[in-house]
Every structure is written in structure tokens, then in C-alpha cells.
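S.K.: My questions all concern the structure below.
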Amino acid sequence: MSTRSQQLRSEYLGEGTSSELKIAAFEIRDLIEPSRIFQASILAKLQGLGSGNQFRNFNRCGQEKIYRTCKNCSGSEVFEYHCNIKWCPRCNWRITRDRSQILQAWTKHIHQPKHIVLTQKNFPVLTRRKIREHQKNLARLRRNKIWKNVKGGSVSVEITNDGKGWHLHSHWLVDCRWIDAGELAKIWGGLCGQEFGIVKVKDSRDTEYLHEVSKYVCKPSELAKWTGEEIWEFISAIRGLRFFFAFGSLFKLGSQIRSEMRAKKPPQKACECGCRDFIFRDEVSEVLNEIRQTGKRRKK
């Protein structure tokens, strides 16, 4: 077994998994990419727990098809359905890619980028209220005098759970000449109700920081390792919340950067007939359309 396969095995299967299930799962490991493995694990653990439109869309992701039909020649192409949910292993890489592109464009306008990591103590139960409290503390920090030299930037919030409780931490990319890490640790700790907080401040005049400051709200490999109850607790708590924020100079330049990115984006792929006007249908709509078309042909 390759090193990558061994890594996937340890990420996908928990310690208590039966040997029969391990064998069954990894006989097909070379046929399914990691995102599909993580999705299958999450879906299996959420059976009997998951409900609502979000769960149904996640269940459809990668399983159902979207049919694109040309309005001119009726030529058809088939695509996989994507749910675009921020915690979906098959979709969240696109969110990270888009953030990275925006941040990379913004950093061309600044000279002193800093990567800041703020953490707080673990806690036993993850709730929407706990996440909002953390986000409000981030906003309070931005209004503190220690932030006066920060011209702008972004913050990305990440949630982890390694068996010792839930852990919230944030990754910042800021345009700042200098910031006192010791003083920042005291101020952040006070906002979190601690004597001090664990803080890291790194100079980031290269591109290595992009992965950290634009990462997922939760890594797919970690989400797949949790129990079904923990996964559902996480999904319920984060529903409807944002985990990436821009402020200052980045916020002001955001619209301009997105416009430039859209202008550089290649145009939609045309049909073989040259037309770019399409109708999109899901599987049910496509079947109903086929039935209607068949009925019309029989009448003729």
C-alpha cells in the first residue's frame, strides 16, 4: 500500500472500525478520489441524524447530474451536480481557491503582509452562540488600539476537534508594519476571558501564507473522522454563518479585484454549433422533458 493510501486509510477510518469494513472500503480506494471517500464517510455517519434541505443537497452532490441543452441545436451535455456547501469535501476546495486568488491579487498592493494566528481554550459543546461570541471578539479586537497600524486584511475562522473538545482559532492576513505579539496575546486573552491567549505573528512576504489564511472552516479529512453526532453538532452550529471576512484596504479593493478576475475568466464553453444560450435541468426535469418530447413526436 502506498504512503498516500495509508494516509487516506488513517484519515478515513476510525480506530474502532471493523476489519471487514476496512477491507471493503479500501478494495476500491484507487477508484475513488479522497473527496468522495470523505463524503461517503460523512453520509454514512449522518444516517438517521441528517435532515433538511442542506443535508439533502449534500446527499445529491456528485451523485445526481445536471443536463445542459443548447437552445439552438438541442445538443446536450451532462455535468455533476455540486451542492457548494462550505463543509462539503467535494466543493469547499473551490471556496479556498477563490479566496486565495483574491488575497494573492490584494498582496500585490501591499509591502508588509503579516500572518497572525489567534487561538482560545477548548470547550465541550459547539453552538452557534459560541461561534458568534468568537466572531464578536474578533471584531472587538479590530477596534482595539493595538490594531491602529493595521491598514486592512482578512480573517478566516477554523474549527477543529481532536478528541479534547472543540477548538476555535483564526488566521489573519494583515497589512501592518509591526504588531506587538506579547501585547496582542494579553488583549486577545482578555477578550476570551483568559489570562492570555496563544498568539503567533509571522512575516509573510511570500505565498506560503495563502493556504493558511484561506483554508476551510474544517478540513474534510478531519470532518470525516468525527462521530455522526459530532458532525451533526458542527453542521447545525455553523449553518448560516460566515467564516471569512475582509476589512480595511482589502474590503475597499474587493469589488475591483473580483471584477478583474471575472474579466480574465474564459468565456462559457460554446456548443458545437457555436451557440452559448443553454437550458439547465436536473435529472427529474430532464426525464419529464424527455417524456414531453416523446409525446409530441408520437402525436406527429
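S.K.: What's the number of the only condition in (1) in contact with a strand residue (DSSP E or B) (Cβ under 6 Å, 6 or more places away or on another chain); (2) modelled with pLDDT under 90; (3) in a loop (DSSP other than H, G, I, E, B) that His111 fails to meet?
M.R.: It is condition (1) that His111 fails.
S.K.: If Val155 passes every condition in (1) surrounded by fewer than 19 Cβ atoms within 10 Å (Cβ to Cβ); (2) modelled with pLDDT under 95 but one, which one does it miss?
M.R.: Among (1) surrounded by fewer than 19 Cβ atoms within 10 Å (Cβ to Cβ); (2) modelled with pLDDT under 95, the lone unmet condition for Val155 is (1).
S.K.: Restricting attention to region 139-158, and to residues there that are part of a helix (DSSP H, G or I) and in contact (Cβ under 8 Å) with a residue 40 or more places away in the chain, which single residue is farthest from Ile231 (Cα to Cα)?
M.R.: Of region 139-158, the ones part of a helix (DSSP H, G or I) are 139-142, 145-147.
So of that shortlist, the ones also in contact (Cβ under 8 Å) with a residue 40 or more places away in the chain come out as 140-142, 146.
Working: Arg140: 29, Leu141: 30, Arg142: 31, Ile146: 37 Å.
Applying the filter and picking the extreme gives Ile146.
S.K.: What's the total number of residues in region 162-175 that are touching a residue at least 12 places away in the same chain (Cβ under 8 Å), of a type outside the set (D, E, K, R) and surrounded by fewer than 20 Cβ atoms within 10 Å (Cβ to Cβ)?
M.R.: 3
S.K.: Determine whether region 174-181 contains at least one residue that is modelled with pLDDT of 90 or more, under 19 Å from Thr119 (Cα atoms), out of contact with any Ser or Thr (no Cβ under 7 Å at 6 or more places or on another chain) and part of a helix (DSSP H, G or I).
M.R.: yes
S.K.: Within region 112-123, track down each residue that is over 21 Å from the mean Cα position of the chain (by Cα) and either under 20 Å from Gly189 (Cβ atoms) or free of Cβ contacts under 8 Å to residues at least 12 places away in the same chain (or both). Can you show your working first?
M.R.: Restricting attention to region 112-123, the residues satisfying the condition of being over 21 Å from the mean Cα position of the chain (by Cα) are 112-114, 120-123.
Once the filter is applied, which keeps residues that are over 21 Å from the mean Cα position of the chain (by Cα) and either under 20 Å from Gly189 (Cβ atoms) or free of Cβ contacts under 8 Å to residues at least 12 places away in the same chain (or both), region 112-123 yields Lys114, Gln120, Lys121, Asn122, Phe123.
S.K.: Mind telling me which of the residues Gly248, Gly197, Gly190 ends up being touching a Phe, Trp or Tyr at 6+ places or on another chain (Cβ under 6 Å) and modelled with pLDDT of 80 or more? First the steps, then the outcome.
M.R.: Details: Gly248 fails: touching a Phe, Trp or Tyr at 6+ places or on another chain (Cβ under 6 Å); Gly190 fails: touching a Phe, Trp or Tyr at 6+ places or on another chain (Cβ under 6 Å).
Answer to the check: Gly197.
S.K.: β-branched (Val, Ile, Thr) and part of a helix (DSSP H, G or I): which single residue out of Ile116, Ile102 fits that description? Show your work before the answer.
M.R.: Numbers: Ile116 fails: part of a helix (DSSP H, G or I).
So the residue among Ile116, Ile102 that is β-branched (Val, Ile, Thr) and part of a helix (DSSP H, G or I) is Ile102.
Here is a yes/no grid of residues against (1) closer than 27 Å to Gly197 by Cα; (2) in contact (Cβ under 8 Å) with a residue 12 or more places away in the chain; (3) in contact with a Lys or Arg (Cβ under 6 Å, 6 or more places away or on another chain):
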{"site": "Asn59", "(1), (2), (3)": "no, yes, no"}
{"site": "Lys65", "(1), (2), (3)": "no, yes, no"}
{"site": "Gly75", "(1), (2), (3)": "no, yes, no"}
{"site": "Tyr81", "(1), (2), (3)": "no, yes, yes"}
{"site": "Ile85", "(1), (2), (3)": "no, yes, no"}
{"site": "Cys88", "(1), (2), (3)": "no, yes, no"}
{"site": "Cys91", "(1), (2), (3)": "no, yes, no"}
{"site": "Gln101", "(1), (2), (3)": "no, yes, no"}
{"site": "Glu133", "(1), (2), (3)": "yes, no, no"}
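The values are calculated or read from the model by the stated rules, or taken from the named source; none is laboratory data. Just so it is clear, the structure is predicted and the values come from calculations on it, not from any experiment. Cβ coordinates were reconstructed from backbone atoms using ideal geometry, including for glycine residues, and neighbour counts include every protein chain displayed.
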